[in-house]
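Below: the structure, in structure tokens.
The values are calculated or read from the model by the stated rules, or taken from the named source; none is laboratory data. Please read all numbers here as calculations on a predicted model, not as lab measurements. Quick reminder, even Gly has a Cβ in these numbers, built from the backbone with ideal geometry, and neighbours come from all protein chains shown. These area figures cover heavy atoms from the full protein model, side chains too; ligands, DNA and RNA do not enter into them. Shrake-Rupley method; radii C 1.70, N 1.55, O 1.52, S 1.80 Å.
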Amino acid sequence: MHLDLFELHRPTSVEQTMRLAGEWAGRFDYLAGGTDLLPNYKMHINLKPHLISLDAVPELGGHSLERIGAMERLENLERDPAFMAAYPSVADALGEVATPLVRASGTVGGNLLVETRCFFFNQSYFWRASLGFCLKADGDRCHVVPQKERCYATFSGDLAPALLVLDAEVEVAGPNGRRTIPLADLYDRKGDGIRRLTIAPGELLIAVHLPPASRRWRGRYRKLRVRPSFDFPELGVAVAGAWDDRRVTSLSVAVGGVEPYPRRFDELTGPLVGETLSEERVRALSEAITRAVRPVHNTFLLPDYRRRMVGVYVRRVISEAKGGVAT
Ligand SMILES: Cc1cc2nc3c(=O)[nH]c(=O)nc-3n(C[C@H](O)[C@H](O)[C@H](O)COP(=O)(O)OP(=O)(O)OC[C@H]3O[C@@H](n4cnc5c(N)ncnc54)[C@H](O)[C@@H]3O)c2cc1C
Ligand code: SF4
């Protein structure tokens, strides 16, 4: 495996970045920490001749409790005790991304936009060629669900579920200016699975914004993976909300690592507002979420096992966020 030649561009402002994006439209990728993109390039997956590095654009860096720059390294968030205390679900997720070495380079923007994964996709060119490639790169069929013309590769970022439950928003820049959208709307839930985002190719993620109200919420993120020292999630479940012994004021649950996009279950958690968070209600919620998810066989663990573990993890994160013991 080797990296092919590419031309590297290094803009120093968002405006310059947008100009380069227009100039090389369709022929470039943004390079953040490179911990996801460059391994894929080494496997000759969806190569582009130009890379626009974002590391010299000051506006994309740094963080506060309200705003995280897209280029902020995961390690920098982990080292900020005030940030970690304010957002327990994100603190949990940060500690579970890859390894400390990867987190020293990996960025928040790169983590939210990480490429979806599949056993038939994250392979060398030679390996993929032997099967005739697949829809997601270089081929025309899916080896996981052959009768369908869409891709089921799994969204495997850890931060997205943890930020989704906080009602996070993302700021995006494109040729027509900037806009802010809910993080949930960044992921294309209705597309073909190959185009996995709602933002147009070439649009730039500038920052994540966190609403002040979410700082008072309880939260937790737990992840199922094969090797706890560095694997991608086979399942990741986040919870955040506000409740006391009498009633729930707000409650969100999000699941990643089982479908092509991270997903919140507001239609199932919404009816619990105003109620007590009893064990029976938590069990019913966990069963309903288990029924709603549809993993396919494209990661290491079997889909039926991952689906059954969704319910276990939903109960576990809520119990831990309530201050109870994990079950
Ligand atoms: C061994 C190993 C283990 C890993 N384990 C995990 C894991 O457990 N959990 C997990 O979540 N991830 C894991 N990863 C994936 C990856 O390291 C992280 O997700 C990391 O946060 C990605 O960030 P990055 O800055 O390196 O992204 P990059 O690789 O630079 O970029 C990722 C994608 O986002 C695009 N992009 C980046 N920034 C922007 C922006 N501002 N605007 C528009 N597009 C942008 C890039 O073009 C690219 O398509 C692992 C990686 C490795 C190598
Ligand atoms: S789900 Fe199908 S199309 Fe998508 S990466 Fe896997 S084999 Fe390819």
**Complete:** Across segment 167-204, the tally of residues that are in contact with a Leu (Cβ under 7 Å, 6 or more places away or on another chain), under 24 Å from TYR152 (Cα atoms) and touching a residue at least 24 places away in the same chain (Cβ under 8 Å) stands at 8
**Request:** Considering only segment 4-42, state which residues are open to solvent by less than 70 Å² (accessible area, probe 1.4 Å), of a type outside the set (Gly, Ala, Ser) and closer than 22 Å to ARG103 by Cβ.
**Result:** ASP29, TYR30, LEU31, THR35, ASP36, LEU37, LEU38, PRO39, ASN40, TYR41
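Condition first: among the charged types (D, E, K, R), more than 30 Å from LYS148 (Cα to Cα) and within 15 Å of ligand 1 (Cβ to nearest atom). Can you find one or more residues in segment 176-184 that meet it?
yes
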**Message:** Being open to solvent by 30 Å² or more (accessible area, probe 1.4 Å) and β-branched (Val, Ile, Thr) is the filter here; which residues of segment 93-102 pass it?
**Reply:** THR99, VAL102
**Request:** Could you grab me the full set of residues in segment 279-321 that are more than 29 Å from CYS142 (Cβ to Cβ), touching a residue at least 24 places away in the same chain (Cβ under 8 Å) and open to solvent by 80 Å² or more (accessible area, probe 1.4 Å)?
**Result:** ARG283, GLU287
**Request:** Name, by its number, the condition in (1) more than 10 Å from ligand 1 (Cβ to nearest atom); (2) touching a strand residue (DSSP E or B) at 6+ places or on another chain (Cβ under 7 Å); (3) within 13 Å of GLY33 (Cβ to Cβ) that does not hold for ALA70.
**Result:** (1)
**Item:** Those strands (runs of 3 or more DSSP E) lying entirely in segment 124-212 with at least 3 residues open to solvent by less than 20 Å² (accessible area, probe 1.4 Å)
**Value:** 169-174, 204-209
**Message:** Being in contact with a helix residue (DSSP H, G or I) (Cβ under 8 Å, 6 or more places away or on another chain) and either at pLDDT 95 or above or aromatic (Phe, Trp, Tyr) (or both) narrows it down to one residue among THR198, THR276; which is it?
**Reply:** THR198
**Asked** What residue, of PRO233, PRO228, is part of a loop (DSSP other than H, G, I, E, B), closer than 14 Å to VAL317 by Cβ and either out of contact with any helix residue (DSSP H, G or I) (no Cβ under 8 Å at 6 or more places or on another chain) or within 16 Å of ligand 1 (Cβ to nearest atom) (or both)?
**Response** PRO233
**Item:** Matching residues, segment 264-278, being small (Gly, Ala, Ser) and either touching a Pro at 6+ places or on another chain (Cβ under 7 Å) or touching a residue at least 24 places away in the same chain (Cβ under 8 Å) (or both)
**Value:** GLY274
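Before we move on, is PHE265 of a type in the set (A, V, I, L, M, F, W, C) and within 16 Å of ligand 2 (Cβ to nearest atom)?
On the way: of a type in the set (A, V, I, L, M, F, W, C): yes; within 16 Å of ligand 2 (Cβ to nearest atom): no.
In short, no.
When segment 103-119 is examined, which residues are found to be open to solvent by less than 50 Å² (accessible area, probe 1.4 Å), farther than 16 Å from TYR187 by Cβ and in contact (Cβ under 8 Å) with a residue 40 or more places away in the chain?
SER105, GLY106, THR107, CYS118
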**Message:** Against the conditions (1) crowded, with 16+ Cβ neighbours inside 10 Å; (2) not in a helix (DSSP H, G or I), where does VAL90 fall short? Just the number, please.
**Reply:** (2)
**Complete:** The number of residues in segment 7-39 that are more than 8 Å from ligand 1 (Cβ to nearest atom), in a helix (DSSP H, G or I) and not charged (D, E, K, R) is 7
**Message:** Taking the conditions exactly as written (in contact with a strand residue (DSSP E or B) (Cβ under 8 Å, 6 or more places away or on another chain) and open to solvent by less than 70 Å² (accessible area, probe 1.4 Å)), does VAL226 satisfy them or not?
**Reply:** no
**Message:** I'd like to check something: does segment 251-264 contain any residue that is open to solvent by 50 Å² or more (accessible area, probe 1.4 Å) and not in a strand (DSSP E or B)?
**Reply:** no
**Request:** Could you figure out which of (1) at pLDDT 95 or above; (2) among the β-branched types (Val, Ile, Thr); (3) part of a loop (DSSP other than H, G, I, E, B) isn't true of ILE45?
**Result:** (1)
